[in-house]
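One structure is given below, encoded as structure tokens.
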Amino acid sequence: MNIIVAGVGKIGLTLARQLSAEENDITVIDSLRGALEDCIERYDVLGVYGNCSVKDTLVRAGVKDAELLIAVTGSDETNLLCCMTARFINKNIRTIARIRNPEFADQIYEMKDAFALSMTVNPEKMAADEIEHLIKFPGFLKLDSFAKGRAEIVELKIERDSKLCAVRLSNINTIIKCKVLVCAVLRDGRAVMPYGDFILTEGDRIFVTAPSENLALLLSSLGIITHKAKKVMLCGGGRISYYLTEMLHNKDGISATVIDNNTERCVQLANLLPYANIIRGDASSRSLLESENISEFDAMVALTGMDELNVVIALYGTNYEVPQVITKLGKMDNNSIHDILPIGSTVSPRELCCNMIVRVVRSMKYKTGAATSVHFIADGKAEAIEFQVTEETRHCGEPLKNIRLNKNILVCCITHRRSIEIPDGNSSFKPGDTVIISTNVENTVYKLNDIFDD
């Protein structure tokens, strides 16, 4: 596909890497020469220097022949004008804009056509959704939803005293009182698609597929005691904290305390969130955390704009034995920090946003049999992909034990209308079902038929 990415900040750079690796023709635009040259040197992309909302810049970038424009500059207004200008030049181009300001939410929805938008993404809102989901199930490091929320892939770490330590996967259902499937294991920085003879060891991070209603049973089977959160501390008063506080109050009835060191921002949040406790102060100050009785909170979320500061705050939370700690990582590429430091769950707005855009690009590129959902798991070394089974899908009605799959591919879950099945060798799929597969990134799967070795 011929794609233009406007803005090569954190998200634009990640998109350039992922989309160019999938053999798309990528042109990037930026008004900062240094950022533009860095992107061109690192990835197989073309670069155009200039203001992406200016007609001449877009024409030089090839907008007349482009199929998709992704506007992810740091300015919502620039992204909107960029999309409008691109559509004026090329009536057939699809546009995706990053819109972060909550004040624009209703307006964008009502005026989507006027702004020439095919789709909008809001990384901070996505991150807030993810964190709210994690707070509901504090025993998991991460959760990814599939099948319209009816199936999950959850991440757990195997500790020395875990009931799963030294257990062969073929015996896992004798410990866990519900049917699950381990679809990926991250060991020593390498993602493995395991079979029944695989033995779990201390330090492994495992990714488990289960129906959503079985998550609480999965935790209790492993002896992980959890209780409903009532008090949550949010360190940092940015957009994620705003969205998350609103969700926790409206959806879950959870009380939130927000700490930020900017007086003006605290006043703004106090007006926007009258039901929240807003504190002006340094969230990395030990004395402040102690004065707010940090150990009495059910969860702590580190949401400042600096990854390093978030890690320090998360370590404080762990040290004070806060039951659940969640850390936002915006720039750090290597999430193996999990294996070194006890910082709880990690959430990356950039990854969430890019994953959604990659799914859209794949669905445009492969209209028949394309993925309906794509999630990067195991620190980006594996993918969990959801497909719709159609009449064109091969091997419909055949037991999985009779189907040869390509190397490093597992069928993790099959949904039949409203029922969720964790598959075994006798399972099969038919048109209308959805199938979730896992694979490592060396084995990119674009269409469901790509998984078959025939």
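Scanning the stretch 15-38 for residues that are buried (at least 23 other Cβ atoms within 10 Å of the Cβ), out of contact with any Phe, Trp or Tyr (no Cβ under 7 Å at 6 or more places or on another chain) and part of a helix (DSSP H, G or I) returns LEU15, LEU19. Of the residues making up the stretch 409-454, those that are out of contact with any Phe, Trp or Tyr (no Cβ under 6 Å at 6 or more places or on another chain), surrounded by 14 or more Cβ atoms within 10 Å (Cβ to Cβ) and modelled with pLDDT under 90 are ASN440, VAL441, ASN443, THR444, VAL445.
Cβ-Cβ distances below 7 Å connect the following pairs, each with a first residue in the stretch 355-378 that is assigned to a loop (DSSP other than H, G, I, E, B), a second residue that is acidic (Asp, Glu) and at pLDDT 80 or above, and a separation of six or more residues or different chains: THR368/GLU392; GLY369/GLU392. Being within 22 Å of SER348 (Cα to Cα), in contact (Cβ under 8 Å) with a residue 40 or more places away in the chain and in a loop (DSSP other than H, G, I, E, B) is the requirement here; does THR73 meet it? In short, yes.
Check whether at least one residue in the stretch 398-407 is under 28 Å from the mean Cα position of the chain (by Cα), of a type in the set (A, V, I, L, M) and either not in a strand (DSSP E or B) or not assigned by TED's automatic domain parsing to the domain that holds ILE206 (or both), and report yes or no. Within the stretch 398-407 (the criterion being under 28 Å from the mean Cα position of the chain (by Cα), of a type in the set (A, V, I, L, M) and either not in a strand (DSSP E or B) or not assigned by TED's automatic domain parsing to the domain that holds ILE206 (or both)), the answer is yes, since at least one residue qualifies.
Per the listing ARG150, ARG87, ARG100, the residue uniquely modelled with pLDDT of 95 or more, not polar (S, T, N, Q) and not assigned by TED's automatic domain parsing to the domain that holds HIS249 is ARG87. Listed by first and then second residue, the pairs linking a residue in the stretch 426-446 that is over 11 Å from VAL389 (Cβ atoms) and assigned by TED's automatic domain parsing to the domain that holds THR390 to a residue that is acidic (Asp, Glu) and surrounded by fewer than 21 Cβ atoms within 10 Å (Cβ to Cβ), with Cβ atoms under 7 Å apart and 6 or more places separating them unless they lie on different chains, are SER427/GLU421; THR444/GLU22.
Here is a yes/no grid of residues against (1) among the β-branched types (Val, Ile, Thr); (2) touching a Phe, Trp or Tyr at 6+ places or on another chain (Cβ under 8 Å):
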| position | (1), (2) |
| --- | --- |
| VAL63 | yes, no |
| THR73 | yes, no |
| GLU77 | no, no |
| ARG87 | no, no |
| ALA97 | no, yes |
| PHE104 | no, no |
| MET111 | no, no |
| PRO123 | no, no |
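For (1) under 21 Å from ASN355 (Cα atoms); (2) free of Cβ contacts under 8 Å to residues at least 40 places away in the same chain, each residue gets a yes or a no:
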| site | (1), (2) |
| --- | --- |
| GLY9 | yes, no |
| GLN18 | yes, no |
| THR57 | no, yes |
| VAL63 | no, no |
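Please work out if PRO138 is in a loop (DSSP other than H, G, I, E, B) and more than 26 Å from ALA229 (Cα to Cα). Against the criterion (in a loop (DSSP other than H, G, I, E, B) and more than 26 Å from ALA229 (Cα to Cα)), PRO138 does not qualify.
Would you point out the residue of the stretch 59-77, among those that are of a type outside the set (Gly, Ala, Ser) and surrounded by fewer than 19 Cβ atoms within 10 Å (Cβ to Cβ), that is farthest from VAL28 (Cα to Cα)? Per the stated criteria, the residue is GLU77. Considering the stretch 192-221, the residues that are modelled with pLDDT under 90 and buried (at least 16 other Cβ atoms within 10 Å of the Cβ) include one that is farthest from ALA384 (Cα to Cα), namely SER221.
When the residues of the stretch 78-89 are filtered to those that are buried (at least 19 other Cβ atoms within 10 Å of the Cβ) and in contact with a helix residue (DSSP H, G or I) (Cβ under 9 Å, 6 or more places away or on another chain), the one that is farthest from MET1 (Cα to Cα) is LEU80. Of all the residues in the stretch 48-70, those that are assigned to a loop (DSSP other than H, G, I, E, B) and of a type in the set (Asp, Glu) number 2. For ARG100, the criteria (1) charged (D, E, K, R); (2) in a loop (DSSP other than H, G, I, E, B); (3) exposed (fewer than 15 other Cβ atoms within 10 Å of the Cβ) hold in every case but one, which is (3).
The values are calculated or read from the model by the stated rules, or taken from the named source; none is laboratory data. Owing to the predicted nature of the structure, the values given are computational and were not obtained by experimental measurement. Cβ coordinates were reconstructed from backbone atoms using ideal geometry, including for glycine residues, and neighbour counts include every protein chain displayed.
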